[in-house]
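Colleague: Just passing along the structure, written as structure tokens.
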Amino acid sequence: MTSKNVIDLLDSSVMPTYSRFPVAFESGKGATLKDFDGKEYIDFASGIGVNSIGYANETWVNAVSEQAGKLAHVSNLYYTEPCAKLAKELKDRTGMSQVFFSNSGAESNEGIIKLARKYSYDKYGEGRYNIVTLINSFHGRTVTTLKATGQERFHNYFFPFTEGFTYAIAGDIESVKEAAGNNTCAIIMELVQGEGGVMPLTPDFVNAVLKFCTDNDILLLIDEVQTGVGRTGSLFAFQQYELLPDAVSFAKGIGGGLPLGGFMVNEKCKNVLGPGTHATTFGGNPICCAGALAVLDTLDNDFLKEVVSKGEYLRKGLAAVESKYITDVRGLGMMIGIEINGTSHSELVKKMLAEGLACLTAGSNVIRLLPPLTISYEEIDKGLAIFKKVMEEA
Ligand SMILES: *Cc1c(COP(=O)(O)O)cnc(C)c1O
């Protein structure tokens, strides 16, 4: 098949919910992708932060194929080894107390929303159900997580949305207190807002939210679907902010390319979700968990230090690109945002792809980079050269 064959075939049968770039990828190795016509691309996108250890990573491929040949799925009616090992590993490396596995980011956030409401219901009874979320946040595409997303443009068409969400300004603790009123059970936030434009929260604001939560027995829910699994230079971003959340959701990078998500809770929220209160058929799937164990094995402390160094290297390279359109370069670890003013950020991303570099957009004017954490310096340099060329020709 040629790229065009694949594109025509897919467009003839798949719902047009995505505005796809006209490229069909056939394979990848490391942080380099190849399309059906043999053209190569440097990948600064990793399938939206999913391919955390790159394409065709040998350790990962072996772990996944071995598990596929042994046992693919039996459901949570029974015990399986990869799920057990993965949960223990996540606990040991974060200080959290229990884990639930799901299949996507939105589903993981649904889980922590249910957790917060049940925690409050058990302790205070009905009525204390509200959840404060931040403006510009993104928490998913289900009817509930759309409402939890603090962007008006997502609150459309699918009425009625789930009740019980109020919105506060990121960085403004008074706004959080006001949005909380007297019926709030939890506050949910991303430590670096991803889809909203790669906006890190300040430690001062996060500490003020934590204190407000602790003082009022409001749960602090951290959405690490994008920031988790080494992306920001620590296994989870909350570890850099030096706090232990009540619950943390994760997904994207954990499975190394397989659909896996979940959430962890601290000691206070242990056993809030008991038998029959929450479930999902595929949760903790053995193949996905085997892939995730290979990801976590790869992400040891030395590797995470390297993520910080590569992130700094990449940001320095970007800052050196001379362009009147670049008004800011920001981010944490290998989660990077380049703010564009005076021209279309999405047109630039299209040109970069045509030149052989895959990038992402975020917010209304940001080019977002989430390269595989295993990307080599040589691949970074190649990508930077394309980025520079497109910016200089713009
Ligand atoms: C991507 C994302 C989600 C949604 O994840 P899905 O797997 O697409 O459901 C939720 N929260 C954040 C912060 C995300 O980046």
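The values are calculated or read from the model by the stated rules, or taken from the named source; none is laboratory data. Predicted model only: the values in this text are computed from it and were never measured. As a convention, Cβ positions derive from the backbone with ideal geometry for all residues, glycine included, and neighbour counts pool all protein chains shown. Areas reflect the complete protein model, heavy atoms only, side chains present, ligands, DNA and RNA absent. Shrake-Rupley method; radii C 1.70, N 1.55, O 1.52, S 1.80 Å.
Colleague: Do we have any residue at all in the range 237-256 that's more than 15 Å from the ligand (Cβ to nearest atom), outside any loop (DSSP other than H, G, I, E, B) and hydrophobic (A, V, I, L, M, F, W, C)?
Modeller: In the first step, residues of the range 237-256 are kept if they are more than 15 Å from the ligand (Cβ to nearest atom); the result is 239-244, 246.
Filter once more, keeping what is outside any loop (DSSP other than H, G, I, E, B): 239.
Now narrow it down to the ones that are hydrophobic (A, V, I, L, M, F, W, C): none.
No, because not a single residue in the range 237-256 is more than 15 Å from the ligand (Cβ to nearest atom), outside any loop (DSSP other than H, G, I, E, B) and hydrophobic (A, V, I, L, M, F, W, C).
Colleague: Same structure again: Surrounded by fewer than 20 Cβ atoms within 10 Å (Cβ to Cβ), over 19 Å from the mean Cα position of the chain (by Cα) and more than 24 Å from Leu260 (Cα to Cα): which single residue out of Gly95, Gly127 fits that description?
Modeller: On the way: Gly95 fails: more than 24 Å from Leu260 (Cα to Cα).
Just a single option satisfies the conditions, and that option is Gly127.
Colleague: Moving on. Kindly provide the set of residues from the range 101-117 that are touching a Gly at 6+ places or on another chain (Cβ under 9 Å) and either away from the ligand (no atom under 16 Å from the Cβ) or open to solvent by 10 Å² or more (accessible area, probe 1.4 Å) (or both), ordered by number.
Modeller: Matches in the range 101-117: Phe101, Asn103, Ser104, Gly105, Ala106, Glu107, Glu110, Arg117.
So that you can scan it fast, the table gives a plain yes or no per residue for (1) in a strand (DSSP E or B); (2) open to solvent by 10 Å² or more (accessible area, probe 1.4 Å):
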site	(1), (2)
Leu296	no, no
Lys305	no, yes
Val308	no, yes
Gly311	no, no
Leu314	no, no
Glu339	yes, yes
Ser346	no, yes
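Colleague: Same structure, new question: Could you say whether any residue in the range 183-206 is more than 25 Å from Asp328 (Cβ to Cβ) and out of contact with any strand residue (DSSP E or B) (no Cβ under 9 Å at 6 or more places or on another chain)?
Modeller: If we filter the range 183-206 for residues that are more than 25 Å from Asp328 (Cβ to Cβ), which is where we start, we get 183-188.
Of the ones still in play, those that are also out of contact with any strand residue (DSSP E or B) (no Cβ under 9 Å at 6 or more places or on another chain) are none.
For the range 183-206, residues more than 25 Å from Asp328 (Cβ to Cβ) and out of contact with any strand residue (DSSP E or B) (no Cβ under 9 Å at 6 or more places or on another chain): absent.
Colleague: Would you check which residues across the range 5-50 are assigned to a helix (DSSP H, G or I) and without any contact (Cβ under 8 Å) to a residue 24 or more places away in the chain and list them? Let's see the steps before the verdict.
Modeller: Filtering the range 5-50 for residues assigned to a helix (DSSP H, G or I) gives 5-11, 46-49.
Residues satisfying the conditions are Ile7, Asp8, Leu9, Leu10, Asp11.
Colleague: Could you look through the range 190-207, keep only residues that are open to solvent by 30 Å² or more (accessible area, probe 1.4 Å) and not charged (D, E, K, R), and pick out the one that is farthest from the ligand (Cβ to nearest atom)?
Modeller: Let us first name the residues in the range 190-207 that are open to solvent by 30 Å² or more (accessible area, probe 1.4 Å), namely 195, 199-200, 202-204, 207.
Pick out the ones that are also not charged (D, E, K, R) and you get 199-200, 202-203, 207.
Details: Met199: 12, Pro200: 13, Thr202: 18, Pro203: 19, Asn207: 21 Å.
So the residue we want is Asn207.
Colleague: Has the range 91-111 got at least one residue that is assigned to a loop (DSSP other than H, G, I, E, B), under 27 Å from Ala362 (Cβ atoms) and touching a residue at least 60 places away in the same chain (Cβ under 8 Å)?
Modeller: Step one: list which residues in the range 91-111 are assigned to a loop (DSSP other than H, G, I, E, B), which gives 95-97, 103-104.
Subsequent filtering for residues that are under 27 Å from Ala362 (Cβ atoms) retains 103-104.
From what is left, the residues that are touching a residue at least 60 places away in the same chain (Cβ under 8 Å) are 103-104.
Yes, some residue in the range 91-111 is assigned to a loop (DSSP other than H, G, I, E, B), under 27 Å from Ala362 (Cβ atoms) and touching a residue at least 60 places away in the same chain (Cβ under 8 Å).
Colleague: Considering each of Val143, Val176 in turn, give the residue that is within 16 Å of the ligand (Cβ to nearest atom), of a type in the set (A, V, I, L, M, F, W, C) and at pLDDT 95 or above.
Modeller: Details: Val176 fails: within 16 Å of the ligand (Cβ to nearest atom).
On inspection, the qualifying residue turns out to be Val143.
Colleague: Hey, could you check the range 217-236 for residues that are under 11 Å from the mean Cα position of the chain (by Cα), within 19 Å of Ala186 (Cβ to Cβ) and not in a strand (DSSP E or B) and say which is farthest from the ligand (Cβ to nearest atom)?
Modeller: First, the residues of the range 217-236 that are under 11 Å from the mean Cα position of the chain (by Cα): 223-232, 236.
So of that shortlist, the ones also within 19 Å of Ala186 (Cβ to Cβ) come out as 223-225, 227-228, 236.
Subsequent filtering for residues that are not in a strand (DSSP E or B) retains 224-225, 227-228, 236.
Details: Glu224: 8, Val225: 4, Thr227: 7, Gly228: 9, Phe236: 13 Å.
Across the range 217-236, the extreme among qualifying residues is Phe236.
Colleague: Right, something else. Quick one: how many residues across the range 130-141 are open to solvent by 50 Å² or more (accessible area, probe 1.4 Å) and part of a loop (DSSP other than H, G, I, E, B)?
Modeller: 2
Colleague: Still on this structure: Just need a number here: residues in the range 265-298 that are under 10 Å from Gln98 (Cβ atoms) and either among the small types (Gly, Ala, Ser) or touching a Lys or Arg at 6+ places or on another chain (Cβ under 7 Å) (or both).
Modeller: Within the range 265-298, residues that are under 10 Å from Gln98 (Cβ atoms) and either among the small types (Gly, Ala, Ser) or touching a Lys or Arg at 6+ places or on another chain (Cβ under 7 Å) (or both) number 2.
Colleague: Looking at Lys268, Lys324, can you tell me which residue is open to solvent by 50 Å² or more (accessible area, probe 1.4 Å), over 28 Å from Val23 (Cβ atoms) and either within 16 Å of the ligand (Cβ to nearest atom) or touching a Gly at 6+ places or on another chain (Cβ under 8 Å) (or both)? Explain how you work it out, then say what you get.
Modeller: On the way: Lys268 fails: either within 16 Å of the ligand (Cβ to nearest atom) or touching a Gly at 6+ places or on another chain (Cβ under 8 Å) (or both).
After ruling out the rest, the residue left standing is Lys324.
Colleague: Residues to consider are Leu219, Leu243; find the one that is open to solvent by less than 20 Å² (accessible area, probe 1.4 Å), over 17 Å from Ile131 (Cα atoms) and in contact (Cβ under 8 Å) with a residue 24 or more places away in the chain. Break it down into steps so the answer makes sense when it comes.
Modeller: On the way: Leu219 fails: over 17 Å from Ile131 (Cα atoms).
Of Leu219, Leu243, the one residue that is open to solvent by less than 20 Å² (accessible area, probe 1.4 Å), over 17 Å from Ile131 (Cα atoms) and in contact (Cβ under 8 Å) with a residue 24 or more places away in the chain is Leu243.
Colleague: Here's a follow-up. Working only within the range 142-164, note down all residues that are of a type in the set (Ser, Thr, Tyr), in contact (Cβ under 8 Å) with a residue 12 or more places away in the chain and either open to solvent by 100 Å² or more (accessible area, probe 1.4 Å) or outside any loop (DSSP other than H, G, I, E, B) (or both).
Modeller: The first filter runs over the range 142-164 and keeps only residues of a type in the set (Ser, Thr, Tyr), leaving 142, 144-145, 149, 157, 162.
With the extra rule that they be in contact (Cβ under 8 Å) with a residue 12 or more places away in the chain, the set shrinks to 142, 144-145, 149, 162.
Scanning the range 142-164 gives Thr144, Thr145.
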